[in-house]
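I have placed the structure first, in the form of structure tokens, so that the comments after it can refer back to it.
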Amino acid sequence: MSEPELQLPGHIHRLADKESFTFACQPGVPCFTECCRELELALSPYDVLRLSRQLAINGKELLDRYAVIEWEEEDVFPRIYLGMVDDGRASCPFVTPQGCSVYPGRPAACRTYPLGRGAWRDSSGGQQALYVLQREQHCKGFAEPVEQSVDQWVTGQGLIDYLAANDMMIPLLQHEKIRQDFQSTAAQRDLYLATLYDLENFRKDNQNSRGLTDLELMQSAVNRLLHLFFEDGVHPHD
Ligand code: SF4
Ligand code: SF4
């Protein structure tokens, strides 16, 4: 796939390599936690692993209690979102007046803002990524005089493992058979959720996964699905 052509709204700006930006978010800002509401916050498998660990529950319990699972006919795999609370402000279930109650396990989207990241495979199979800066009007963090690079932001927000894990999903989500009109079965969609969105359970069920790091576990789960979904002769039951 070649680099996507971007039609960006006025408040979103593509960052050039090494371009820095000025931003900081801390409890003193007048808009503190205002961005933790009315969100369409997609959860990746690694988000669910880290967030469920922070909440001391398993991935399935997290999905049952906190997630909205959507699947439309044109989708191959389900999409998972963090459900907002019905409090008149559509707040994140984890926001408090003091800030984020799950901060060490917060999802990648919360860590990435005000940046946005797109990743894809190029025609030679290499992975590419680009960053944009989302300058939302309500966000006063842009008035804070802290200049930094994308690399500094990614490191400071603890994003490196999240990005590595999310990039592992690209061969599955952008598989060439999907571009050739692969249709998933209900059993495959259930398997996708049970495998990737409950990684500790996948670890328990697979003896070879016991000593793996989180990223190795994630890769092992993705490889398993690539094999079951796309290798000829393997057909998970309906
Ligand atoms: S709106 Fe911006 S500055 Fe305000 S809390 Fe959210 S990220 Fe921080
Ligand atoms: S998880 Fe934390 S940082 Fe993310 S939206 Fe919820 S309260 Fe805000």
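Read-outs throughout are calculated quantities, based only on the coordinates presented, and are distinct from any laboratory measurement. Values in this document were obtained by computation on a predicted structure and should not be read as measured data. No Cβ is skipped: glycine too gets one built from the backbone with ideal geometry, and neighbour counts run over all protein chains shown.
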- Message: Please arrange L63, L133 by how many other C-beta atoms lie within 10 Å of their C-beta, fewest to most.
- Response: L133, L63
- Item | Descending principal axes extents, region 12-171, alpha-carbon based, whole Å | 48, 41, 29
- the chain: relative contact order as a whole-number percent, Cα under 8 Å and 6+ apart: 27
- Task: Using the charge dipole of the chain (Lys, Arg: +1 at Cβ; Asp, Glu: -1 at Cβ; taken about the Cα centre), state which of C36, S101, L51 has its Cα farthest towards the positive end.
- Result: S101
- Message: Using only alpha-carbon positions, what ratio does the radius of gyration of region 172-230 give when scaled by 2.2 N^0.38 Å?
- Response: 1.17
- Query: Given +1 on the Cβ of Lys and Arg, -1 on the Cβ of Asp and Glu, and no further charges, what dipole in debye does the chain carry about its Cα centre, rounded to the nearest 20?
  - Reply: 700
- Task: Would you mind finding the longest exposed-site-free stretch of the chain, with exposed trypsin sites (Lys or Arg not before Pro) meaning DSSP loop and at most 15 other Cβ atoms within 10 Å?
- Result: 136-209
- Computed helical MRE - 222 nm, the chain, DSSP H runs ≥ 4 contributing -39500 (n - 2.57), nearest 500: -9500 deg cm²/dmol
- Message: I need the Kirkwood Rh of region 129-217: take the reciprocal of the average 1/r across all distinct C-alpha pairs and report it in angstrom.
- Response: 16.8
- Relative to the first principal axis of the alpha-carbon coordinates of the chain, what is the inclination of helix 186-196, with its axis defined by its Cα atoms, in degrees from 0 to 90 and to the nearest 10? 60
- Item | Qualifying GluC sites (Glu not before Pro) for region 61-125 [loop in DSSP, other Cβ within 10 Å: at most 16] | E72, E73, E74
- Scaled radius of gyration (Cα, divided by 2.2 N^0.38 Å) that region 1-97 gives: 1.37
- For K18, which aspartates and glutamates qualify as cross-link partners when the Cα separation must be under 17 Å and same-chain residues fewer than eight apart are set aside? E147, D151
- Query: Can you give me the Cα centroid spacing of region 25-79 and region 123-159 in angstrom?
  - Reply: 20
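By count of other Cβ within 10 Å, fewest leading, how are S101, S91, S52 ordered?
S101, S91, S52
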- Task: Taking a cut-off of 16 Å between Cα atoms, list the lysines near K60, but don't count ones fewer than 8 places away on the same chain.
- Result: K204
